[in-house]
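Heads up: the structure comes next, in structure tokens.
The values are calculated or read from the model by the stated rules, or taken from the named source; none is laboratory data. Everything numeric here is computed off the predicted structure, so don't read it as measured data. Cβ atoms come from the backbone with ideal geometry, glycine included; neighbour counts cover every protein chain shown. Keep in mind that these areas ignore ligands, DNA and RNA; they rest on the heavy atoms of the full protein, side chains included. Shrake-Rupley method; radii C 1.70, N 1.55, O 1.52, S 1.80 Å.
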Amino acid sequence: MDSILSLLNTPEPPHLTMKRRAGTRAPDELNGELDKFLANSNLDSRDGQLTRAAILLWHDHFEAAHAIAQDVEDADGSLLHGIIHRREPDFSNARYWFRRVGNTHRCFGCVADKVKTALIGPGAELVAKQLAPNDIWHPLAFVDLVEDTARRENPAREQLLREIQAAEFYCFLATLPSRVDSI
């Protein structure tokens, strides 16, 4: 495997909820590939576990990802925990975990940049101002927007939010402190 990010290659990004998708991989297969990658990487144990949780969550293995995330008691574990609960959907619990992350997580700049790129086009300016005002990512505003979208039938907005959620995964993995350039 050239890069751990290759494990994010699926036919479509994760749903905003716990809805499973076609094209995801089984936990045993993922864990085998993750074991090989992590054995040959410079990631420390903590970042290796966070990487495993993020990849398992990407592939809709909620319980396994949750078991790992809840054992990492820092901003990184809280961020994954927030994404898990947002997808449940348990929006109040997701907000709790994102508040624990704070406003300055190292992946937020990356997410804000990707959101700006994704939100170029007609009608997207309002969403961009909600999610990344002044180029600062606001995960609580994203929870609010996901919750609002869950109450309405808006497939176009849901697809856009799924792409933004995918950016969260990418940026989280790309900014882990002990990551290597090959991640």
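Structure notes:
- Scanning region 79-97 for residues that are of a type in the set (A, V, I, L, M, F, W, C) and open to solvent by 10 Å² or more (accessible area, probe 1.4 Å) returns 91, 97.
- Against the test of being buried (at least 16 other Cβ atoms within 10 Å of the Cβ) and under 29 Å from residue 159 (Cα atoms), the options 54, 67, 26, 22 yield a single qualifying residue, 54.
- Any hit, region 34-47, residues being within 30 Å of residue 154 (Cα to Cα), of a type in the set (Asp, Glu) and loosely packed, with under 14 Cβ neighbours inside 10 Å: no
- Against the conditions (1) more than 23 Å from residue 164 (Cα to Cα); (2) buried (at least 21 other Cβ atoms within 10 Å of the Cβ); (3) of a type in the set (D, E, K, R), residue 76 satisfies every one except (1).
- Taken over region 2-19, residues that are open to solvent by 50 Å² or more (accessible area, probe 1.4 Å) and farther than 18 Å from residue 87 by Cα amount to 3.
- Residue list for region 123-157, restricted to those being surrounded by 12 or more Cβ atoms within 10 Å (Cβ to Cβ), among the hydrophobic types (A, V, I, L, M, F, W, C), modelled with pLDDT of 85 or more and outside any loop (DSSP other than H, G, I, E, B): 131, 140, 141, 142, 143, 145, 146, 150
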